[in-house]
Amino acid sequence: MLGPLPPMLPMALLERPLDYLLAEHHRHRSYLAELRQAAMSGSIPSDKAKRIFDFLAFELPLHWADEKVNLFPSLRRSALPEDGLDEVLGRLNTEHAQDAVLVGTIIAALAAGLAKRRAHVPLAPATCEAMLGYAAAEAHHLAIENAVVLAIAGVRLRKPDLNALSLAMKARREASHVLHT
Ligand SMILES: [Fe+2]
Ligand SMILES: [Fe+2]
């Protein structure tokens with residue numbers, strides 16, 4: 001039995017942006033587990049469907065932008081050629097675009113199911129396939145980001161880089177309507 005889905009992280013953690021990103025990845029794993037379980041059972045309780053919808057539609061895009069717009073470019077400037085990050089970051093950006101297609105399919109299906117206002121949202125086989133595909137791809141993606149990208153960022157990014165990353169991530173959240181704790 002899976003536990004409750006974790007809410008958004010506290011804004012205060014944005015003072016330490018790499019820790020925030022690591023904690024965000026940990027939170028993502030809970031959502032991936034829930035997606036897998038939903039896909040296996042072919043339906044999902046409406047309250048969980050709503051939480052997953054909010055996560056995929058409003059929270060995940062903030063995380064993708066943190067990485068694509070701020071973290072990855074900052075790392076490209078700071079990493080050394082021997083870090084070999086260029087190719088890794090290019091691949092991760094491609095995966096973000098591929099995942100966005102699967103996530104779009106899942107969001108549309110959840111929105112349509114939630115609009116019927118029943119206790120459970122039934123999931124069509126194509127939706128389950130998208131959920132399992134996204135969960136598998138994202139689990140691998142997170143592992144590379146934790147083991148390679150954040151590990152190298154911890155060594156290469158200096159105080160000014162981390163401050164700039166922190167400010168950008170805060171500004172992105174202040175400009176969005178997504179609520180933090
Ligand atoms: Fe990513
Ligand atoms: Fe990430």
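Looking only at region 137-148, decide whether some residue is of a type in the set (Asp, Glu), within 16 Å of ligand 2 (Cβ to nearest atom) and closer than 30 Å to ALA12 by Cα.
Within region 137-148 (the criterion being of a type in the set (Asp, Glu), within 16 Å of ligand 2 (Cβ to nearest atom) and closer than 30 Å to ALA12 by Cα), the answer is yes, since at least one residue qualifies.
Please find, within region 81-94, the residue that is farthest from GLU138 (Cα to Cα) out of those that are within 14 Å of ligand 1 (Cβ to nearest atom) and not β-branched (Val, Ile, Thr).
Residue satisfying both the conditions and the ranking: LEU85.
Residues in region 70-80: is at least one away from ligand 1 (no atom under 16 Å from the Cβ), surrounded by 15 or more Cβ atoms within 10 Å (Cβ to Cβ) and among the hydroxyl-bearing types (Ser, Thr, Tyr)?
yes
Just the residues that are exposed (fewer than 12 other Cβ atoms within 10 Å of the Cβ), away from ligand 1 (no atom under 16 Å from the Cβ) and not basic (Lys, Arg), please, taken from region 104-158.
Of everything in region 104-158, those that are exposed (fewer than 12 other Cβ atoms within 10 Å of the Cβ), away from ligand 1 (no atom under 16 Å from the Cβ) and not basic (Lys, Arg) turn out to be ALA115, ALA119, PRO125, ALA126, VAL155.
Checking the structure you have, find out if any residue of region 101-117 is in contact (Cβ under 8 Å) with a residue 24 or more places away in the chain and within 17 Å of HIS140 (Cα to Cα).
yes
Can you tell which of LEU102, LEU13, LEU80 is closer than 23 Å to LEU150 by Cβ, hydrophobic (A, V, I, L, M, F, W, C) and within 16 Å of ligand 2 (Cβ to nearest atom)?
LEU13
Does LEU85 meet the test of being crowded, with 20+ Cβ neighbours inside 10 Å, away from ligand 2 (no atom under 13 Å from the Cβ) and in contact (Cβ under 8 Å) with a residue 24 or more places away in the chain?
yes
Quick test for you: out of GLN98, GLN37, pick the one residue that is without any contact (Cβ under 8 Å) to a residue 60 or more places away in the chain and more than 16 Å from ligand 1 (Cβ to nearest atom).
GLN37
For region 91-181, give me every one of the helices (runs of 4 or more DSSP H) that falls completely inside it and has 1 or more residues that are over 16 Å from LEU21 (Cβ atoms), over 20 Å from the mean Cα position of the chain (by Cα) and modelled with pLDDT of 95 or more.
By residue number, 125-144, 159-175.
Please state which of the following conditions ALA175 fails to meet, knowing it meets all the rest: (1) free of Cβ contacts under 8 Å to residues at least 40 places away in the same chain; (2) in contact with a helix residue (DSSP H, G or I) (Cβ under 9 Å, 6 or more places away or on another chain); (3) among the small types (Gly, Ala, Ser).
Answer for ALA175: the failing condition is (2).
The values are calculated or read from the model by the stated rules, or taken from the named source; none is laboratory data. None of these values were measured; they are calculated from a predicted model. A quick note on method: Cβ atoms are made from the backbone with ideal geometry, for glycine too, and the neighbour counts reach across all protein chains shown.
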